[in-house]
1. Pairs please, first residue from region 348-362 and in a strand (DSSP E or B), second anywhere and modelled with pLDDT under 95, Cβ atoms under 6 Å, 6+ apart in sequence or on different chains.
2. Among the numbered conditions (1) within 19 Å of the chain's Cα centre (by Cα); (2) assigned to a helix (DSSP H, G or I); (3) closer than 29 Å to MET283 by Cβ; (4) of a type outside the set (A, V, I, L, M), tell me where TYR126 comes up short.
3. Scan region 214-232 residue by residue and report those that are loosely packed, with under 13 Cβ neighbours inside 10 Å and either modelled with pLDDT under 95 or over 13 Å from ILE127 (Cβ atoms) (or both).
4. Six or more apart or on different chains, Cβ under 8 Å: which pairs go from a residue in region 105-117 that's closer than 13 Å to THR224 by Cα to one that's among the charged types (D, E, K, R) and part of a strand (DSSP E or B)? Could you list them?
5. Could you please find all residues in region 99-149 being under 19 Å from GLY237 (Cα atoms) and among the aliphatic types (A, V, I, L, M)?
6. Sort out which residues of region 156-176 are among the aliphatic types (A, V, I, L, M) and touching a Lys or Arg at 6+ places or on another chain (Cβ under 6 Å), and write them in order of number.
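The values are calculated or read from the model by the stated rules, or taken from the named source; none is laboratory data. Note that the coordinates shown come from a computational prediction; the quantities given were computed from them, not determined experimentally. Backbone-built Cβ (ideal geometry, glycine too); neighbour counts: all protein chains shown.
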Amino acid sequence: MERTPTGDRRRRRQVLGGIGAVGITALAGCLEGSGMPAGSTDEEVDDDDAADVNDGPPTVERSIPEAYSIDRLNEESMSGGPGPDGIPSIDDPRFTAADDPPANLDGGDPVFGVEFDGEAKAYPQYILVWHEIVNDVVGDESVAVTYCPLTGTAQGFYRGASEFGVSGRLINSNLVMFDRGTDSWWPQMLPVGISGPHEGAYLEEFQVIWTTWDRWRDQYPETTVLTEETGHARDYGSDPYGEYNPPSGYYDNERTLFPPLASDDRFPRKEVVIGARNADGAMAVPKDALRERTVIEGTVDGTPYATVYDEALDTGYVYRNPDDTSVEPDGDTFLVDGETHAPDALPLDREIGFDAMWFAWYGYYPSTEVHE
């Protein structure tokens, strides 16, 4: 179970319908190829020079579906045009109050929301599309908020005293991160170390909410929001992949830059699902179906689960429900065994879930159960 944390931009280019795959591939930091992360060698390293795992991020023991060996994941990694840190993470983030947001931030634009111990922060998608990782502190927790444009995934990780950077590689079209403390490498959607001292270990995750600026600000009026003062010169008025408000370009077609690890045609490739995984297995809930039904129930390896819709934030929460307790919608709340609860506070074990494009989720978790 997780720790509980929970503008006009009309200048944007609408690419992938307008520029070639080579240009956008270079931007993503991946040119075709395969092999171990850049900089890794087969040479022996003196123990005195080896990174100490204590310098890296906190890790946890996990049991989640593993469809691929670490060797296979390394074979599937696509080597980078830009090397490590060629896409710069934001390491000194600056924030502003909700009533003074960045000029390019419209109310309907996507933001990634995080809340710890009463401190709420919003990270605009149009800024993270250029950086993919923000190393930050929220509610006294040292965290990394990460985003992969090619898979539509926003995820959070505890980082300890270390920081995360963008490796310039992709697996399954998905961001591969590295931590600067140990130079271990981590695919975002499958946060297992694939090289370095943390090989085989799992990062500790927390919930990130994919929502819109208007929705987040309404629910968290005291929130702060990441500004464009990143220390890097970028055209923050332009999303190089397309547009989310309204959807266009890469975000609104069936094209992917690389073949997924596995394929399934039950849904369009870019359809958004809410995915969750644990020792029981993996599950995916189509977000449009959840919006319509508000509660979707199903099983994973025989264990019941309930996913509920939060209309205020346009998101969903996944709960493990081993006793098959009754969960029923009641306006914008839910009745659990007759008691009223907010969608993010059901008296069940909440799993960490996140939005993902269907092709990417299925690619990593081909044994996934689909609840709809």
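1. ASP349/MET1
2. With (1) within 19 Å of the chain's Cα centre (by Cα); (2) assigned to a helix (DSSP H, G or I); (3) closer than 29 Å to MET283 by Cβ; (4) of a type outside the set (A, V, I, L, M) applied to TYR126, the lone miss is (3).
3. Once the filter is applied, which keeps residues that are loosely packed, with under 13 Cβ neighbours inside 10 Å and either modelled with pLDDT under 95 or over 13 Å from ILE127 (Cβ atoms) (or both), region 214-232 yields PRO221, GLU222.
4. Going by the 8 Å Cβ cut-off, the qualifying pairs are GLY113/LYS121; VAL114/LYS121; GLU115/LYS121; PHE116/GLU141.
5. The initial filter retains those residues of region 99-149 that are under 19 Å from GLY237 (Cα atoms), namely 100-112, 122-134, 147-149.
Within region 99-149, ALA103, LEU105, VAL111, ALA122, ILE127, LEU128, VAL129, ILE133, VAL134 qualify.
6. The answer is VAL176, and nothing else.
Each row is one residue, and each column tells you yes or no for (1) on the phi > 0 side of the Ramachandran plot; (2) over 20 Å from the mean Cα position of the chain (by Cα).
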site: ILE70; (1), (2): no, yes
site: SER89; (1), (2): no, no
site: LEU105; (1), (2): no, yes
site: VAL138; (1), (2): no, no
site: GLU141; (1), (2): no, no
site: GLY152; (1), (2): yes, no
site: PHE164; (1), (2): no, no
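Each row is one residue, and each column tells you yes or no for (1) farther than 22 Å from THR315 by Cβ; (2) part of a strand (DSSP E or B).
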site: GLU222; (1), (2): no, no
site: GLU229; (1), (2): yes, no
site: HIS232; (1), (2): yes, no
site: PRO240; (1), (2): yes, no
site: PRO259; (1), (2): yes, no
site: ALA262; (1), (2): yes, no
site: ASP265; (1), (2): yes, no
site: ARG269; (1), (2): no, no
site: ILE274; (1), (2): no, yes
